[in-house]
1. Considering P249, P229, which residue is modelled with pLDDT under 95, of a type outside the set (K, R) and over 31 Å from the mean Cα position of the chain (by Cα)?
2. Which of the residues that make up segment 156-192 are within 23 Å of R213 (Cα to Cα) and assigned to a strand (DSSP E or B)?
3. Take V92 and tell me if it is part of a helix (DSSP H, G or I) and buried (at least 20 other Cβ atoms within 10 Å of the Cβ).
4. Taking only pairs six or more apart or across chains, which ones have beta-carbon atoms under 7 Å, a first residue in segment 166-192 that is in the same structural domain as T275 (by TED's automatic domain parsing), and a second residue that is modelled with pLDDT under 95 and among the acidic types (D, E)?
5. For segment 1-21, how many residues meet the condition of being within 20 Å of I94 (Cβ to Cβ) and part of a loop (DSSP other than H, G, I, E, B)?
6. Has segment 213-223 got any residue that is crowded, with 20+ Cβ neighbours inside 10 Å, under 25 Å from G285 (Cα atoms) and at pLDDT 95 or above?
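The values are calculated or read from the model by the stated rules, or taken from the named source; none is laboratory data. Remember, predicted model here, so these are calculated numbers, not experimental data. Glycine also receives a Cβ, built like all others from the backbone with ideal geometry; neighbour counts cover every protein chain displayed.
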Amino acid sequence: MRFIEEVVVDEFLPTVRSMLAEDLRERGFTQREVADALGISQSAVSKYAHGDVARHDRIVGDERVRELVERVGEGLAAGEMTPVAALVEIEVLIRRLEEGDLLADLHEEAMPALADAEVEFSVHDPDSGLRERERVLSSVRRGLRTLTNASGFAGLIPNVGANVAECLDGAKTIDDVAAVPGRLVDVKGQAMVPGEPEFGVSEHVATVLLAAREAGATARGAVNVRYAPETVEALGASHPTVEFDPERPTSEAVADAVAGAERAVDGSSGDGEETLVLYQTGAVGVEPIVYVLAPTAADAARIVRGLV
């Protein structure tokens, strides 16, 4: 794990200080004056002067960095810029280069997993797409631990398998929903998880979740379990329940069911929970299933765990 701040400290600042020290020396500054201007020791200035501090070629070659060094060096030499003003100018450029620019590129080189994420992000943006995706994946993992650690959960897994899913805010397609690749299955009384959560791997549960949200439900997490009248009754004691027709296209049937349940859509389930239980009782070739929708995958899993 390597932070972008480490790239700044280890690569950017030594290079820029070295370039500034060289610039000021060429303008007639003594080592002492350079040290005072840059807030570093004379020994550090000596190392810069003798080339003992490595410079990063891409930073040295960046036109904006070279322009900054020249402008700050000139301002310090002319007495028109204080060390504080110089620091501010450098900080401004650092922030600029961190946002999808040179420093962001160097950060991705140091952390290849960032490039593999295939999503635009800003490391300093608390609402960045990458942070939201990682948050959703973490929630799905928590939900999986909650269920797989629960004795008796395997008995709730339907024949078609179960899944734990959560979507991004504003999700439109299955690619915006994270879940387990394949499905959880019952193997000799144990729930087996085939792989780590990913986006775009669940068509079954994701379709139900997206259809419910399209109809007005606010839930982002979902877990499906085996249908039984007592299961629906137990869930219905605390959460609104809605039946849908399994013989219609899933997205249409779920959307119509949710839209017709004003109490569920409004989230007015009595105790303020934004949860919803959808179920269908089966048809020819269609296994009956119960879907628990909740604010997050971890929340949905906790509700299901309460059944065992």
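1. On the way: P229 fails: modelled with pLDDT under 95.
That would be P249, the only listed residue that is modelled with pLDDT under 95, of a type outside the set (K, R) and over 31 Å from the mean Cα position of the chain (by Cα).
2. Within segment 156-192, A162, V164, A165, E166, C167, V177, A178, A179 qualify.
3. Numbers: part of a helix (DSSP H, G or I): yes; buried (at least 20 other Cβ atoms within 10 Å of the Cβ): no.
No.
4. Within 7 Å, the pairs are L168/E132; D169/E132; I174/E203; A178/E198; P181/E198.
5. Step one: filter segment 1-21 for residues within 20 Å of I94 (Cβ to Cβ), giving 2-21.
If we keep only those that are part of a loop (DSSP other than H, G, I, E, B) as well, we get 2-3.
Selection size over segment 1-21: 2.
6. Checked segment 213-223: at least one residue is crowded, with 20+ Cβ neighbours inside 10 Å, under 25 Å from G285 (Cα atoms) and at pLDDT 95 or above.
Each row is one residue, and each column tells you yes or no for (1) at pLDDT 90 or above; (2) on the phi < 0 side of the Ramachandran plot.
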site	(1), (2)
I40	no, yes
A54	no, yes
R58	yes, yes
D62	yes, yes
R66	yes, yes
I94	yes, yes
G100	no, no
E108	no, yes
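Table: residues versus (1) among the small types (G, A, S); (2) surrounded by 18 or more Cβ atoms within 10 Å (Cβ to Cβ); (3) modelled with pLDDT of 95 or more.
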position	(1), (2), (3)
L147	no, yes, yes
F153	no, yes, yes
V164	no, yes, yes
V180	no, yes, yes
D186	no, yes, no
A191	yes, yes, no
E203	no, no, no
